[in-house]
Amino acid sequence: THQRIRLFIQTSSDKLFIRGKYDYYRELAEVSSRISWDLSLENILETLRRTFHEVIEVSNPRTYLEKDFAKPEVKDLCSLKEPVFKAGKLVLTCWIEDRLIAVIVLGPKLSEDPYTDEDLRLLRNLANQTAIALDHHRVYEERIKAQKQLLLADKLSSVGRVAAGLAKEIKDPLLTIEKILQESDWQVNNAEF
């Protein structure tokens, strides 16, 4: 109980005296805006890194994406649904529906203070926003890939039409030449009889 009271008093006094340092709603809105502004994977990961370092002041933040889920250090964390402390680290999972999008592992805060309820609320919302942004990034990449495939198919179709037209243009004179040769060959063969 003493710890919870101390955290409540500390968080309240920080909000009162150091207003610009940490405003939960302002920071969440800013991070959400930055993440959704540019859906590139680099932007999303850089925004998360900056938020963890500068806003929450966390040591050793790591973000694992789908390609990392088979790694031994991540495999056990993939089944978690809620933020959990494991071996002194806070583990956040980013889910959309029933699909795991990312796993975020945060070390202790640089101030060595424990995570407050407000920190956990911010991080939980940030994990949800991250899941949405990363899923949008995946859909965007799939759309770009599909558009490239459609353009390639359209180019191949155009090349096929040009080749068919060219073949027809070449075939007509060849048929005429073949007909002339056949007639002349027929006349040669008939002349021999």
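Among the residues of segment 81-103, count how many are under 18 Å from LEU120 (Cα atoms) and open to solvent by less than 30 Å² (accessible area, probe 1.4 Å). Residues that pass the stated criteria total 7.
State yes or no: is LEU110 open to solvent by 40 Å² or more (accessible area, probe 1.4 Å), touching a Ser or Thr at 6+ places or on another chain (Cβ under 6 Å), of a type outside the set (S, T, N, Q) and at pLDDT below 90? So LEU110 passes the test. Residues of segment 113-156 that are over 25 Å from the mean Cα position of the chain (by Cα), without any contact (Cβ under 8 Å) to a residue 40 or more places away in the chain and open to solvent by less than 50 Å² (accessible area, probe 1.4 Å): TYR115 alone. If you go through segment 47-78 and keep only what is open to solvent by 30 Å² or more (accessible area, probe 1.4 Å), part of a helix (DSSP H, G or I) and over 19 Å from LEU120 (Cα atoms), you end up with GLU66, LYS67, PRO72, GLU73, LYS75, ASP76.
The values are calculated or read from the model by the stated rules, or taken from the named source; none is laboratory data. Note that the structure is predicted; figures quoted are calculated from it, not measured. Don't worry about glycine lacking a Cβ; one is built from the backbone with ideal geometry, like all the others, and counts go over all protein chains shown. Accessible surface is based on the protein model in full, side chains and every heavy atom, while ligands, DNA and RNA are left aside. Shrake-Rupley method; radii C 1.70, N 1.55, O 1.52, S 1.80 Å.
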